[in-house]
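The values are calculated or read from the model by the stated rules, or taken from the named source; none is laboratory data. Being a predicted model, the structure only gives us computed values, none of them experimental. For neighbour counting, all protein chains shown are included, and Cβ atoms are generated from backbone atoms with ideal geometry for every residue, glycine included.
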Amino acid sequence: MNRISHWIDGKVVESTSGRSGIVYNPATGEPQSTVDFASDAEVDCAVASARTAFGTWRSTNLSRRAEVMFHMRELVDANRKEIATLLSGEHGKVLSDALGEVARGLENIEFACGIPAMMKGGYSEQVAAGVDVYNIRQPLGVVAGITPFNFPAMVPMWMFANALVTGNTFVLKPSEKDPSAALFIAELLKQSGLPDGCFNVVMGDRTSVDRILAHPDVAAVSFVGSTPIARYVYETGTRNGKRVQALGGAKNHMLVLPDADLDQAADAAVSAAYGSAGERCMAVSVVLAMDTIADDLVAKIKDRIPNIKVGPASEPDNEMGPLITGEHRDKVVGYLAGAAGEGATVVVDGREGVPTEGFFVRPSLLDNVKPGMRCYDEEIFGPVLSVTRVSTYAEGLDLINRNEFGNGTAIFTRDGGVARRFQFEVNVGMVGINVPIPVPVAYYSFGGWKASLFGDQHMYGPEGVNFYTRSKVVTSRWPDPTTSRVDLGFPQNR
């Protein structure tokens with residue numbers, strides 16, 4: 001069986017911890033690889049490599065650091081298909097979803113190529129007699145990224161691209177469920193000219209995470225995952241004196257008003273709910289449908305679901321693949337099994353007609369879902385779309401604002417005034433207007449509010465640059481050359 005190990009100081013390093021996990025093929029349910037789990041000593045080795053490399057990398061001129069990322073951009077672009085194939089094989093997402101993930105990650109690498117323009121400081125001349133003041137941005141040192149299973153290529157690109165160009169060195173702890181993309185990225189970074197030690201990968205589970213959070217030489221940690229773990233990472237990391245950005249879970253609502261184009265709204269709901277099998281924090285999981293159009297909208301969504309081709313990524317026509325593990329599939333199925341008992345209407349049951357092999361759940365649709373039901377209150381993270389009926393705009397807005405999560409939301413309407421009011425009043429970090437998954441482009445920043453974010457800085461974009469740097473203010477006074485003891489050739493009044 002294939003063995004997946006760490007990447008430390010520019011090469012693959014097999015673990016001696018004696019601990020490992022299984023990587024499954026989600027489309028068949030069969031084990032396909034073992035992945036090493038790092039010991040504390042092996043995490044320490046990766047951090048030591050990054051710390052040693054930091055001095056030289058920080059001193060490398062900014063143009064050269066950007067040049068390395070330009071090369072990385074070209075390599076990722078040239079290897080899109082290979083990366084996407086790795087993602088499909090271990091995560092299970094179909095090739096079109098995998099290629100989309102690579103494309104969105106590539107946007108962040110492209111943004112990082114322009115970071116030199118964002119590293120400029122300010123300058124104030126003559127704030128006092130002969131005194132000037134200016135500020136500069138400097139890297140933090142060794143920084144770490146702890147990334148989730150649902151986007152094993154894109155989310156690391158959210159982190160390392162900005163971190164490296166700003167002069168930091170990086171330690172990545174990818175999900176143990178689909179870790180191969182991290183090693184492929186490490187090899188591409190080496191080919192791009194990044195010095196050994198600047199980017200390291202440690203495989204593992206909670207033991208590795210805890211060591212990263214406690215390590216005195218790790219200055220900052222970026223995390224994406226579920227809210228309970230995000231809270232744990234934030235509290236543990238900050239308690240150990242680290243800068244932390246921890247992005248948590250979501251329960252994204254899409255409010256559909258009576259004047260909306262219902263065909264457009266139905267298409268958007270299907271795409272946003274079932275793409276990547278619903279395993280994304282920006283998936284729409286609740287449609288808030290106004291009473292007057294709810295029946296029509298539910299019917300339109302129901303009619304579209306049979307057209308979604310479900311199956312393994314190895315078949316190019318398939319549009320939705322399996323869930324990541326059998327355990328997660330069983331969790332998602334549990335929400336469907338209990339929905340009717342709580343009073344919801346099971347319009348489409350995704351437990352029916354699934355392939356006999358693998359961790360599949362078909363697209364599912366629940367109607368008459370209300371707060372207090374598990375399928376409404378909890379993040380399902382699977383292909384289950386709930387419809388909650390509301391009688392007014394205010395009722396829909398209130399449900400969104402009262403929800404514990406504040407990651408993404410959307411409104412579908414033809415009324416620009418209502419849309420503007422919605423973006424003003426809604427307490428959510430990312431808002432779509434007739435756009436179902438409002439993931440910001442790379443030159444903005446990604447992050448929600450409330451229980452969807454722990455920390456003060458959103459991820460990637462301008463806030464990502466701020467997160468990986470700190471400002472230093474310099475106040476300077478130089479001797480007047482006319483009074484210097486060394487003759488510098490300055491004119492003098494005699």
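List of remarks:
- Output for region 208-262, where each listed residue is small (Gly, Ala, Ser), out of contact with any Ser or Thr (no Cβ under 9 Å at 6 or more places or on another chain) and not in a strand (DSSP E or B): Ser226, Gly237, Gly241
- Residue within region 96-113 that is crowded, with 24+ Cβ neighbours inside 10 Å and more than 18 Å from the chain's Cα centre (by Cα) present: no
- Inter-residue pairs, beta-carbon under 9 Å, first assigned by TED's automatic domain parsing to the domain that holds Leu99 and in region 181-200, second assigned to a helix (DSSP H, G or I) and among the hydroxyl-bearing types (Ser, Thr, Tyr), 6+ apart: Pro195/Thr56; Asp196/Ser49; Gly197/Ser49; Gly197/Thr52; Gly197/Thr56; Cys198/Ser49; Cys198/Thr56; Asn200/Ser49
- Residue match in region 394-416 (condition: within 24 Å of Ala299 (Cβ to Cβ), surrounded by fewer than 20 Cβ atoms within 10 Å (Cβ to Cβ), modelled with pLDDT under 95 and of a type in the set (A, V, I, L, M, F, W, C)): no
- Pairs, first not assigned by TED's automatic domain parsing to the domain that holds Asn150 in region 377-396, second of a type in the set (Asp, Glu) and crowded, with 20+ Cβ neighbours inside 10 Å, C-beta under 6 Å, six or more apart: Phe381/Glu279; Val387/Asp367
- Tally, over region 417-441, of residues that are assigned to a loop (DSSP other than H, G, I, E, B), of a type in the set (A, V, I, L, M, F, W, C) and crowded, with 23+ Cβ neighbours inside 10 Å: 1
- Every residue from region 245-267 that is more than 29 Å from Asn466 (Cβ to Cβ) and out of contact with any helix residue (DSSP H, G or I) (no Cβ under 8 Å at 6 or more places or on another chain): Asp259, Asp261, Gln264
- Selection count, region 206-228, where residues are among the acidic types (Asp, Glu) and either closer than 16 Å to Trp7 by Cα or in contact with a Gly (Cβ under 6 Å, 6 or more places away or on another chain) (or both): 0
- Scanning region 328-340 for residues that are under 20 Å from Glu379 (Cβ atoms) and of a type outside the set (Lys, Arg) turns up His328, Asp330, Val332, Val333, Gly334, Tyr335, Leu336, Ala337, Gly338, Ala339.
- Residue in region 123-141 that is under 25 Å from Pro440 (Cα atoms) and modelled with pLDDT of 95 or more present: yes
- Residue within region 240-255 that is within 21 Å of the chain's Cα centre (by Cα), farther than 27 Å from Asn427 by Cβ and either in contact (Cβ under 8 Å) with a residue 24 or more places away in the chain or not assigned by TED's automatic domain parsing to the domain that holds Ala419 (or both) present: yes
- Residues that are charged (D, E, K, R) and under 26 Å from the mean Cα position of the chain (by Cα) within region 350-394 comprise Arg362, Arg374, Asp377, Glu378, Glu379, listed in sequence order.
- Filtered residue count, region 160-179, keeping only those that are farther than 17 Å from His71 by Cα and crowded, with 23+ Cβ neighbours inside 10 Å: 10
- Wholly within region 334-412, strands (runs of 3 or more DSSP E) carrying at least 3 residues that are within 14 Å of Asn252 (Cβ to Cβ): 384-390, 408-412
- Tabulated pairs, region 202-223, first on the phi > 0 side of the Ramachandran plot, second crowded, with 23+ Cβ neighbours inside 10 Å and in a helix (DSSP H, G or I), C-beta under 8 angstrom, 6+ apart or interchain: Gly204/Val43
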